[in-house]
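Working notes for the structure below.
Read the figures in this text as sums done on the coordinates, not as results from a lab. Source: prediction; values computed, not measured. Cβ atoms come from the backbone with ideal geometry, glycine included; neighbour counts cover every protein chain shown.
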Amino acid sequence: MDSLASARALTSSRVFYNLVLPVSCAWVAYRVLRYTLTKKQIDLVIGPKRKSWFADTGDMNELLDPNAWPAWEALRKQYGPVTKVNGFVGTQFLHIYDPLALYHILVKDQDFYHENELFRTTFALAFGPGLLSSLGDQHRKQRKLLTPAFSVAHIRELIPVFYSVTYKLRHALVSQVEHGKTEIDLLSWITRTALEIIGQSGLGYSFDPLVEGEVAHPFAAAVRDFAQVLNTFTVSRFLVLPLVHKLGPPKFRRFIVDAVPWKRLHRLRDIIDTIHNTCVGVFESKKAAIERGEPPIAGNPWDGKDIISLLLKGNMAATESERITDEEIAAQLSTLVFAAMDTTSNTLARTLELLSQHKDVQERLRQEVTEARAEGGDLAYHELDTLPYLDAVCREVLRLHPVITFLLRTPTKDMTLPLHKPVTLADGSITDHILVSKGQDIMIGMMASNRNPELWGPDADEFKPERWLSPLPQAVQDAPSAGVYSHLLTFIGGQRGCIGFKFAILEMKVILSVLLESLKFELTDKKVVWEINGVVQPCVKDPSSDKTVISFPMNVSLVPSKN
């Protein structure tokens, strides 16, 4: 056995040093040469100075650190809406949150600004050819088939599922605090809830009974850990991943991954395997049931109305030229679960933290939802939508704390970006536009845009739900809006905007309205650190090591009875 293990280790090392390492170095050299041979206007855009050309990994290494909040703040406040950011080994990025430039990138000229290759490659390797990794006609066909499932009319039909799952969450929490205030890792419970909601309403599948003592489905942990583990591959992800995607068929790439002696890579592989195998199993079961013509299961309110069932039926009814493959449909499952679960659970955790820091806001919101629910019980879609303070709190959390701080776009040809306000270049000249070369990576400053003081005012960095209870600043109303929701970039915009943003907002409102009626939330003495791991996640220090773990502890207690 020892000799067999030694032989395998030797084979892995040979593959790494004879194939993976040389090819990776060649790819890095190509990237450096491509950037240095082209002189661009970006050289005149102001930004942090490069410390070193080759040895230094540029500003990107600092900005991609999980605790990069000071670096992002400095970038936004010191350099303004158009900034040059130094990338790895000589590369450069543009960080932009000018509203007119963003409108052109995301809406008006969106056909010429593609999702960055790194982003698409990452999700193609992880989840397959889904909505996040597709381009052009493939993306159009996928989105066309998915759009009816995310319409307001269909989401209204799913609201009983939202309430059913949320009541299970409330019962589980109440059972833990009925004898007094108790510290609970709320992120774990909210994540399980978000998975169950998207599981039932999106996949027609139940992952979790949401019962205390029951072990969460491994799928939940896999989706939760994916972003954090992926974020540890900082340099390799930017420079090598696009090449790896082109290294032959999937079986060959899998052989390379298995052969490389890299524990972190193998952990990421195992996470992706869990996500993939679960989704493929659900897809095959769902497709077989539809093909057999099986009727909806009695007692399952989501059965037949879930998003994937609608997608499968719509695909079967589509003309041959408009259909997508089974592989693409299966990829939508993992894509939808990742997009719906991790982002919503982290946003809800942030909301509860803010409500604990601003007790007056928590009490005012509790009063509003309690009075509304006392009159009619479960609130319908339009009733939730017309609760002014609940709506204001949700909008303000989404404005101030988007779970994704930036996204990347790349022009497919040389473009001119007009600016909302002129900027001063490094040579002292003033310009109202920026020339962007083909292939120039652009960072869409989502958080920076949402906190732009020239639009939102001097209190843009403050949590003030009341700003939404009166007309927004005139500067916000007059500026071009690139977002699909409420002048914000949280859900991005254009044809690649978040297709499920109405689903996510409804989920937030249902969970908050049900929980706040019965439960009170307070901070513990444990320090919560919000890490930027692709998505922003709450973490605490592991007492047994210096590392952080994804967790959000809160003190939870019953709301005192007024009787």
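Put a dot 7 Å past the Cα of residue 424, heading toward its Cβ, do the same for residue 151, and the two dots end up 5.3 nm apart.
Extending 7 Å from the Cα toward the beta-carbon at both residue 185 and residue 269 defines two label points whose distance is 2.7 nm. Once you order the gyration tensor axes a ≥ b ≥ c over the Cα atoms, which shape class does region 332-373 get: rounded for a/c under 1.5, otherwise prolate or oblate by comparing a/b with b/c? Since a/c reaches 1.5 but b/c is at least a/b, the shape of region 332-373 is classed as oblate. Available extension along the chain between residue 367 and residue 326 is 10.0 nm, counting 0.36 nm per residue and deducting the alpha carbon span. Relative to the Cα centre, the charge distribution of the chain, modelled as +1 at Lys and Arg Cβ and -1 at Asp and Glu Cβ, gives a dipole magnitude of about 1580 debye.
Sorting check: for 279-290, 491-502, which peptide has the highest mean count of neighbouring beta carbons within 10 Å, and how do the rest follow?
Numbers: 279-290: 17.4, 491-502: 19.6.
My ranking of the peptides, most packed first, is 491-502, 279-290.
So, counting K/R as plus one and D/E as minus one, what does the shell of residues with Cβ under 12 Å around residue 418 add up to?
Working: positive: 108, 421; negative: 98, 109, 432.
Its environment carries a net charge of -1.
Among the lysines, select those whose C-alpha is under 30 Å from the C-alpha of residue 287, and discard any that sit fewer than 8 residues away in the same chain. Straight-distance partners of residue 287: 141, 144, 168, 251, 305, 313, 502.
Tally Lys and Arg at +1 and Asp and Glu at -1 over the other residues with C-beta under 9 Å from the C-beta of residue 399: what net charge comes out? So the environment of residue 399 carries a net charge of +2. Distance between the C-alpha centres of region 511-563 and region 215-238: 20 Å, rounded to the whole angstrom. Protection proxy ranking for 341-348, 392-399, using the average of other Cβ atoms within 10 Å per residue and placing the highest first: 341-348, 392-399. Set against the 2.2 N^0.38 Å expectation for a compact globular protein, the chain has a Cα radius of gyration ratio of 0.99.
As a ratio to 2.2 N^0.38 Å, the alpha-carbon radius of gyration for region 61-100 is 1.19. Give me the distance in nm between label points sitting 7 Å out from Cα along the Cα-to-Cβ direction at residue 69 and residue 558, one decimal. That separation, rounded to one decimal, is 3.5 nm. Bridgeable lysines around residue 49 (alpha carbons under 24 Å apart, same-chain partners fewer than 8 residues away excluded): 39, 40, 77, 84, 421, 438.
Which whole number of Å³ per residue matches the convex hull of the alpha-carbon atoms in region 493-542?
Numbers: hull volume 5.8 nm³, N = 50.
Convex hull of Cα atoms, per residue: 115 Å³.
Taking 16 Å as the cut-off, the amide N atoms of region 173-187 that come nearer than this to a point 7 Å along the Cα-to-beta-carbon line of residue 214 belong to 173-176.
Taking Cα pairs under 8 Å and at least six residues apart, what relative contact order does region 428-563 come out at, in percent? Could you put the intermediate results ahead of the total?
On the way: 112 pairs, mean separation 18.8, N = 136.
Normalised by residue count, the contact order of region 428-563 is 14 percent.
Computed from phi, the 3J(HN,Hα) profile of region 104-110 under the Karplus parametrisation 6.51, -1.76, 1.60 (θ = phi - 60°) reads 5, 5, 8, 10, 4, 10, 4 Hz, with x in place of Gly and Pro. Computed packing ranks the peptides 148-161, 186-199, 213-226 as 186-199, 213-226, 148-161, most packed first, by mean other Cβ atoms within 10 Å.
Straight-line cross-link partners of residue 541 among the lysines, defined as a Cα under 18 Å from its Cα and at least 8 positions apart when in the same chain: 526, 527. Close amide H partners of residue 485, meaning residues 5 or more places away or on another chain with modelled amide H under 5 Å apart, are 491. Considering every alpha-carbon pair of region 144-187, the percent of pairs per 10 Å bin, from zero through the bin containing the longest distance, is 22, 32, 23, 17, 6, 0. Taking amide H positions as modeled 1.01 Å from N, with prolines and chain starts lacking one, the residues under 5 Å from residue 114 and 5 or more places away or on another chain are 410, 412.
How much length would be gained if the chain were fully extended between residue 313 and residue 50, taking 0.36 nm per residue of separation minus their Cα-Cα distance, in nm to one decimal?
Details: separation 263, 0.36 × 263 = 94.68 nm, distance 5.38 nm.
Contour length minus Cα-Cα distance gives 89.3 nm.
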